[in-house]
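Report on one structure; see the data block that follows.
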Amino acid sequence: MSRPVEAIVSLANIRANYALAARLAPDSQVLAVIKANAYGHGAARVAVALDTADAFGVASVAEAIVLRDAGITQPIVLLGGVFEPAEIHEVEVYGLQTVIHSSAQLEWFLSRKSAARLVIWLKMDIGMHRLGFTPQEYTAAWQRLSDSGQVQELVLMSHFPCADHGDDTLTKSQVQVFNEGVAGLNGQKSMANSAALIRYPESRYNWVRPGIMLYGANPFPDQNLLGINLEPAMTLRSRLVSVRELAAGESVGYGQRWRTTVPIRLGTVAVGYGDGYPRHAVDGTPVLVRGKRCRLVGRVSMDFITVDLSEAPDSRVDDEVILWGDSLPVEQVAEFAGTISYDLLTGVTQRVKYLYSD
Ligand SMILES: *Cc1c(COP(=O)(O)O)cnc(C)c1O
């Protein structure tokens, strides 16, 4: 047997999650966000599977080219726009759409030589203060683009900083800011990521932009998703490669972080931070051995983790171990590692073998 770490990706579950997003926003078109290699799931495979998606969102021209090379014909939007003027040429060549979020990008676009008309997503900063034109600057940018003769269509867009947590006052007031900022301006509108699409119907508009929910992770770290059933798209699994009995008072792993207080059976699993398993996972992080919830003990190393097998007394070398996915939501594991599901999913590394099921 070769090294047994595998990411099993269910394309059927991704399709089901997409269909759920589309049902929740029946009057909107759905742009499936598949940046960062579809949050670690494989962008080309995911895009081909989502053949009914209305559009795709990526973070770079390189990510868009991967999709065109895979035969994807739907619109593809560069969610962060271009990073240098020369990339506008590639936007044309590959038939892409692009966000414009800064005056630099606006000048690059307006001063280009080509006469090709492009679809532009013009971004407003409603309070995240990361990208976008302020509500005050927004109308002038819209006007210059509208007058340029270079635009086929303008989509008025924004992005929420807090749709996934906290009370709803801030997000509701940001919808208001957006509405006032775009009042009287022509164009389709787009605000909602996964969390907003689920929690704020008033933010759905013409286009919704779900990312994390397509992969089956709950976008609300501290809440249940009332009545909404997302299917986990990725199961990261490996196997027990060693089992031993330890007496009380023995230490486990690098730095002796964990010590036995009673005799236990300790299992070693072939997965580590070199595969994208989070190094900061604490003692007690859940790991499924033979379907039984066991506790990670000791520090995560590059190639292995160690698990207290008390809850799986029948376990043996070669038994399957699930790190997240089926029956163990990735967002739970993320919490034990002090991070979010997005981080774990995008962090799965090259050496993990990917298997796809339809
Ligand atoms: C990544 C991204 C999304 C998707 O966000 P999720 O929280 O994963 O649903 C939507 N819109 C923009 C502009 C993004 O960059």
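The values are calculated or read from the model by the stated rules, or taken from the named source; none is laboratory data. Note that the structure is a prediction, hence the values are computed from the model and not measured. In this analysis, Cβ positions are derived from the backbone assuming ideal geometry, glycine residues included, and neighbour counts consider all displayed protein chains.
Against the test of being in contact with a Leu (Cβ under 6 Å, 6 or more places away or on another chain), part of a strand (DSSP E or B) and surrounded by fewer than 16 Cβ atoms within 10 Å (Cβ to Cβ), the options 293, 244 yield a single qualifying residue, 244.
Just the residues that are of a type in the set (Asp, Glu) and crowded, with 17+ Cβ neighbours inside 10 Å, please, taken from region 304-316. It would help to see each step written out before you state the result.
The first filter runs over region 304-316 and keeps only residues of a type in the set (Asp, Glu), leaving 308, 311, 314.
Of everything in region 304-316, just one residue is of a type in the set (Asp, Glu) and crowded, with 17+ Cβ neighbours inside 10 Å, namely 308.
Candidates 297, 287: the one that is of a type in the set (A, V, I, L, M) and within 24 Å of residue 10 (Cα to Cα) is 287. Under the condition of being surrounded by fewer than 20 Cβ atoms within 10 Å (Cβ to Cβ) and of a type in the set (A, V, I, L, M, F, W, C), the residues counted in region 155-174 number 2.
Condition check for residue 106 on (1) at pLDDT 95 or above; (2) away from the ligand (no atom under 16 Å from the Cβ); (3) part of a loop (DSSP other than H, G, I, E, B); (4) aliphatic (A, V, I, L, M): one failure, at (3).
Beta carbons closer than 6 Å, at least 6 apart along the sequence or on distinct chains, pair a first residue in region 246-269 that is without any contact (Cβ under 8 Å) to a residue 60 or more places away in the chain and closer than 24 Å to residue 316 by Cβ with a second that is in a helix (DSSP H, G or I) and among the polar types (S, T, N, Q) for 264/310. Within region 167-187, residues that are touching a residue at least 12 places away in the same chain (Cβ under 8 Å) reach partners that are surrounded by 12 or more Cβ atoms within 10 Å (Cβ to Cβ) and of a type in the set (Lys, Arg) with beta carbons closer than 7 Å, at six or more positions or on different chains, in the pairs 182/189.
Taking the stated definitions as given, is residue 317 closer than 20 Å to residue 4 by Cα, touching a helix residue (DSSP H, G or I) at 6+ places or on another chain (Cβ under 8 Å), aliphatic (A, V, I, L, M) and more than 16 Å from the ligand (Cβ to nearest atom)? Working first, answer last.
On the way: closer than 20 Å to residue 4 by Cα: yes; touching a helix residue (DSSP H, G or I) at 6+ places or on another chain (Cβ under 8 Å): no; aliphatic (A, V, I, L, M): yes; more than 16 Å from the ligand (Cβ to nearest atom): yes.
So residue 317 fails the test.
Across region 22-44, what is the total count of residues that are within 18 Å of residue 234 (Cα to Cα) and within 14 Å of the ligand (Cβ to nearest atom)? Reasoning before the result, please.
Going through region 22-44, the residues within 18 Å of residue 234 (Cα to Cα) turn out to be 32-44.
Remaining after also requiring within 14 Å of the ligand (Cβ to nearest atom): 32-41, 43.
Of the residues in that region, 11 qualify.
Go through region 166-217 and give me each residue that's within 16 Å of the ligand (Cβ to nearest atom), polar (S, T, N, Q) and under 17 Å from residue 156 (Cβ atoms). Within region 166-217, 174, 188, 190, 193, 203, 206 meet the criteria. The helices (runs of 4 or more DSSP H) found wholly in region 1-103 and carrying at least 1 residues that are over 26 Å from residue 200 (Cα atoms) and touching a Phe, Trp or Tyr at 6+ places or on another chain (Cβ under 7 Å) occupy 11-24, 43-49, 61-69, 86-93.
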